[in-house]
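The values are calculated or read from the model by the stated rules, or taken from the named source; none is laboratory data. Source: prediction; values computed, not measured. A quick note on method: Cβ atoms are made from the backbone with ideal geometry, for glycine too, and the neighbour counts reach across all protein chains shown.
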Amino acid sequence: MAYNIFDYYGLMKNTISLLFFLTTSILAFSNPQSETHDSMENMQHDEHMMHEEHGMDHADHMMMHDPYPVGVMGSLHHEGFMFSIKHGRMTMEGNIFDGDNISTADILQMPNPLGNMPANLSVVPESMDMSMTMVEGMYAFSKNITFMLMGTFMSKDMTLNTYAPMMNRDLLGQFNTSSSDLSELTFSTLFRIAQHGSSQWHGEVAYQKSVGANDQKDTVLTPMNMMMEMVLPYGMQSGDGASRLILGITNTRKINEKLTWGNQLKRNAVLSEKDWSYGNRTELNSWLQYPLNETVSLSSRLKFVSQDAISGNSPLISAPVQTANPANYGGEELHLGFGANFKFNIFPGGNDVLGIEILTPLMQDKNNLQMKTDYQVIVGYQKSF
């Protein structure tokens, strides 16, 4: 692998969590008590003036200034019920090996680790579209604790090319596979930890259960130039049957009268699995949110993800394609996102928010041989009652 600036990201991974807590802790506790008291009085005065000038109630005020991009999950609701639906689409095109681009010719020279027939990889992914729809319901007993239930529906489509197993490795043809199912259910409790002036901390504890099928089948073109129904590789399955524990901590803080800075650290760890499971995952988000006016706010976000390779294996998954190898999953990625939230009165009662966010990869240091992420788009709607 050629060395470049991202080769030093291993060092960043070891320090990024420390920097997160150190920076936000300094910002949270740096104000003297008198300064915090003055700040609170000014905030209360400003809120009172806004209520008089614009006729907003407290729920409207908090919704308008909700300091989260649409792609960040686990915000602490303020009071009552909230419903949201979000849809994300990620596209992949081409392949990389340990973070570097790799040609189809080089892939075809790689050995098939799952058997001797054929001896080399003979099916190569060309592109993939993955869609995820999340339906979420939240209820806040108070401003300090919120309960959440979320269901995730997953849909995946992949285009692959099949090559002759020997001689000139001629292209035999192209085929498509797809899968879709309810993927997982998540039960979460979010709770306020502390508030110091404009700096707010809250935590999250969640139980996640994978309910999607892990043995979905489709018809594929084999290197023998035959169409055959087979169990799809791991990346095309809707679930893995595992149970997971999610722990998270989030901090938001006003930088000035308008600009909000947010940081969130989450760990998704497998509690139990069947034959195999997707690897443990750590995600760090850092974002800035800026309201242009009472109805529109803009955001920018850095998203860092580190995920382990697949644990275990399925005896049903065996094919001369990279996605059938559990070692070809996980790695580290860094994404940059830009988004916007729009507050409307679409349905009776108001408090309707539409959001959109687009993310593009800055770094993809994925394990071994994998497809290359192109971009992600997330759109969402939420309503508070």
Self-check item: Within the stretch 181-205, considering residues that are of a type in the set (A, V, I, L, M) and over 25 Å from VAL270 (Cβ atoms), the one surrounded by the fewest Cβ atoms within 10 Å (Cβ to Cβ)
Solution: ALA194
Quiz item: On the given criteria, is TYR290 of a type outside the set (S, T, N, Q), under 23 Å from MET132 (Cα atoms) and either crowded, with 22+ Cβ neighbours inside 10 Å or more than 14 Å from the chain's Cα centre (by Cα) (or both)?
Solution: no
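Residues are listed down the side, and each one gets a yes or a no for (1) under 30 Å from TRP287 (Cβ atoms); (2) at pLDDT below 95; (3) in contact with a helix residue (DSSP H, G or I) (Cβ under 9 Å, 6 or more places away or on another chain):
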{"residue": "SER198", "(1), (2), (3)": "yes, yes, yes"}
{"residue": "VAL205", "(1), (2), (3)": "yes, no, no"}
{"residue": "GLN208", "(1), (2), (3)": "yes, no, no"}
{"residue": "ASN214", "(1), (2), (3)": "no, yes, yes"}
{"residue": "MET227", "(1), (2), (3)": "no, no, no"}
{"residue": "VAL231", "(1), (2), (3)": "no, no, no"}
{"residue": "SER243", "(1), (2), (3)": "yes, no, no"}
{"residue": "LYS258", "(1), (2), (3)": "yes, yes, no"}
{"residue": "ARG267", "(1), (2), (3)": "yes, no, no"}
Self-check item: Cβ-Cβ under 6 Å pairs, at least 6 apart or on other chains, the stretch 86-108 side within 30 Å of ASN341 (Cβ to Cβ), far side among the polar types (S, T, N, Q) and at pLDDT 95 or above
Solution: HIS87/THR133; ARG89/SER131; MET90/GLN376; MET92/THR373; GLU93/SER127
Quiz item: Within the bounds of the stretch 307-329, is there any residue that is part of a loop (DSSP other than H, G, I, E, B) and more than 28 Å from SER210 (Cβ to Cβ)?
Solution: no
Practice problem: Could you identify the single residue in LEU292, LEU316, LEU284 that is within 30 Å of THR104 (Cα to Cα), of a type in the set (A, V, I, L, M) and out of contact with any Ser or Thr (no Cβ under 6 Å at 6 or more places or on another chain)? | Solution: LEU316
Self-check item: Pairs, first over 15 Å from THR133 (Cβ atoms) and in contact (Cβ under 8 Å) with a residue 12 or more places away in the chain in the stretch 178-195, second part of a strand (DSSP E or B) and among the polar types (S, T, N, Q), C-beta under 8 Å, six or more apart
Solution: SER178/SER155; PHE187/GLN208; THR189/THR146; LEU190/THR146; PHE191/THR146; ARG192/GLN200; ALA194/GLN200
Quiz item: In the set LEU247, LEU265, LEU271, which member is assigned to a strand (DSSP E or B), out of contact with any Ser or Thr (no Cβ under 7 Å at 6 or more places or on another chain), of a type outside the set (Phe, Trp, Tyr) and in contact (Cβ under 8 Å) with a residue 24 or more places away in the chain?
Solution: LEU247
Quiz item: When the residues of the stretch 274-294 are filtered to those that are in contact (Cβ under 8 Å) with a residue 40 or more places away in the chain and not in a strand (DSSP E or B), which remaining residue is farthest from THR252 (Cα to Cα)?
Solution: ASP275
Practice problem: May I ask you to list the residues in the stretch 119-157 that are more than 26 Å from the chain's Cα centre (by Cα), assigned to a strand (DSSP E or B) and under 25 Å from THR219 (Cα atoms)? | Solution: ASN120, VAL123
Quiz item: For the stretch 158-180, what are the residues that are assigned to a strand (DSSP E or B), surrounded by 16 or more Cβ atoms within 10 Å (Cβ to Cβ) and not small (Gly, Ala, Ser)?
Solution: MET158, LEU160, ASN161, THR162, TYR163, LEU172, PHE175, THR177
Practice problem: Among the residues of the stretch 135-178, count how many are modelled with pLDDT of 95 or more and in contact with a helix residue (DSSP H, G or I) (Cβ under 7 Å, 6 or more places away or on another chain). | Solution: 4
Quiz item: So which residues in the stretch 330-358 are among the aliphatic types (A, V, I, L, M), under 17 Å from the mean Cα position of the chain (by Cα) and either part of a loop (DSSP other than H, G, I, E, B) or under 16 Å from LEU288 (Cβ atoms) (or both)?
Solution: LEU336, ILE358
